[in-house]
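Reviewing the structure listed below.
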Amino acid sequence: MLENQIVQKSSEISGDHSGPEFVQESTKIYFDPQQAIADFDAELPEVKEERITDPRVANFIRHAQVLMKHREYPLAMNLLREASNKDSKNPATLNMLANCLDKMSRNSEALIVRKTLAQVDYGFESLHGYATSLYKSGRDQEALDKYFEALAVLTDETDTLFETYKNMGNIFVRQGDFDGAEEYYNKAYTMNPQSDVLLVNFGTLEVQRGDYDKSLYCFRKAVEINPENDKAWVGLAMVHSQFGDMELAWANIETAIDINPQNRTAVHLAANWGLRDGKLQKAIEALQGYLASVEEDEDMSLVLINLLCSAGQVDQAMLEIERVLLWNPDHKEVRNLKKKIIASQKVT
């Protein structure tokens, strides 16, 4: 079963590597310009100015902060590189540089910067940042080692500690150490029992253990806290499928896709179930919505092509084939499918 293969990869359900976070932004009208400036400054990343002795570096940092506030990351990057050229070992510069690279999804460069930062400013926060970069790069054991090292030098509890425990739990799940995962999830839970993301991770852990009643409770609690958590709805769909309640499973998976058409796990499940349950059109629509919202996913395109052929929508299948071949003219499976379709049309 496809769902049994998917639940073995907890990161696909919990989505901690690349899952979206829902942030509600509000617009405020200011009549007091000084209050507007004060609120704006309060939202900027904190920089410990006592560490910046060079006024030129301080100036670059200050302007880079404003640019990052407005999501002008390439421009901020230029200023931060200038600041780094003036003082390559300055922790404030390195920290902002790493954050900016993270925002631009330049993970390999961010990892290098965070490694340097951990060396020049050795402490919990820097080690946590380095460990998290390793974690995002899929280097689980190295990340786990650095998280343990960070905990060894921890002096006071910080908000960052929640993420440390949560990520360590995720690593233990992937390593098959479910007791270790539960220990660190519980540590994270004591810090933030209202985290819907953590509850999804707990639910995933219980799926791995085969305790579907507990996992059902965790996923339900997650959607109560955050009804927009698409990963929690996927978890519910999987559990209801396991219980044989496919009507409810379909409703859950459709909710997940409505919330986030880019949820690959949800779309993959819809494709699998659509073929099994004779709901090809639902599966096709889910795949088409997904492929319209991502840059390219050849494997999912191949699934769509096969579903379109199964539904007798050969012309649509050929359009998808041509789209894939524009990206990758050497895709062997897609080229073979094209030959088979053309051959069958000639016979007809």
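The values are calculated or read from the model by the stated rules, or taken from the named source; none is laboratory data. Please read all numbers here as calculations on a predicted model, not as lab measurements. Note: ideal-geometry Cβ built from the backbone for every residue, glycine included; neighbour counts use all protein chains shown. Side chains included, ligands, DNA and RNA excluded: accessible areas come from the protein's heavy atoms. Shrake-Rupley method; radii C 1.70, N 1.55, O 1.52, S 1.80 Å.
Within segment 172-210, being of a type in the set (Gly, Ala, Ser), closer than 20 Å to Leu144 by Cα and in contact with a helix residue (DSSP H, G or I) (Cβ under 6 Å, 6 or more places away or on another chain) holds for Gly180, Ala181, Ala188. Determine if segment 156-169 includes at least one residue that is open to solvent by 50 Å² or more (accessible area, probe 1.4 Å) and of a type in the set (A, V, I, L, M, F, W, C). Among the residues of segment 156-169, not one is open to solvent by 50 Å² or more (accessible area, probe 1.4 Å) and of a type in the set (A, V, I, L, M, F, W, C), which makes the answer no. For segment 125-155, a residue qualifies if it is among the small types (Gly, Ala, Ser) and either open to solvent by less than 60 Å² (accessible area, probe 1.4 Å) or touching a His at 6+ places or on another chain (Cβ under 8 Å) (or both), and the qualifying residues are Ser126, Gly129, Ala131, Ser133, Ser137, Gly138, Ala143, Ala150.
Okay, residues lined up against (1) in contact with a Gly (Cβ under 8 Å, 6 or more places away or on another chain); (2) over 20 Å from Thr160 (Cβ atoms); (3) part of a helix (DSSP H, G or I):
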| site | (1), (2), (3) |
| --- | --- |
| Ala83 | no, yes, yes |
| Ser88 | no, yes, no |
| Ala92 | no, no, yes |
| Ala98 | yes, no, yes |
| Asp102 | no, no, yes |
| Leu111 | no, no, yes |
| Lys115 | no, no, yes |
| Ala118 | yes, no, yes |
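Answer yes or no: is there a residue in segment 31-48 that is open to solvent by 40 Å² or more (accessible area, probe 1.4 Å) and either of a type in the set (Lys, Arg) or modelled with pLDDT of 80 or more (or both). Checked against the condition, which is being open to solvent by 40 Å² or more (accessible area, probe 1.4 Å) and either of a type in the set (Lys, Arg) or modelled with pLDDT of 80 or more (or both), segment 31-48 yields at least one hit. Here is the figure for segment 88-124: residues that are open to solvent by 60 Å² or more (accessible area, probe 1.4 Å), under 18 Å from the mean Cα position of the chain (by Cα) and without any contact (Cβ under 8 Å) to a residue 24 or more places away in the chain total 2. Can we say Tyr217 is open to solvent by 50 Å² or more (accessible area, probe 1.4 Å), over 30 Å from Ser126 (Cβ atoms) and either without any contact (Cβ under 8 Å) to a residue 24 or more places away in the chain or in contact with a strand residue (DSSP E or B) (Cβ under 6 Å, 6 or more places away or on another chain) (or both)? For Tyr217, the condition - open to solvent by 50 Å² or more (accessible area, probe 1.4 Å), over 30 Å from Ser126 (Cβ atoms) and either without any contact (Cβ under 8 Å) to a residue 24 or more places away in the chain or in contact with a strand residue (DSSP E or B) (Cβ under 6 Å, 6 or more places away or on another chain) (or both) - is met.
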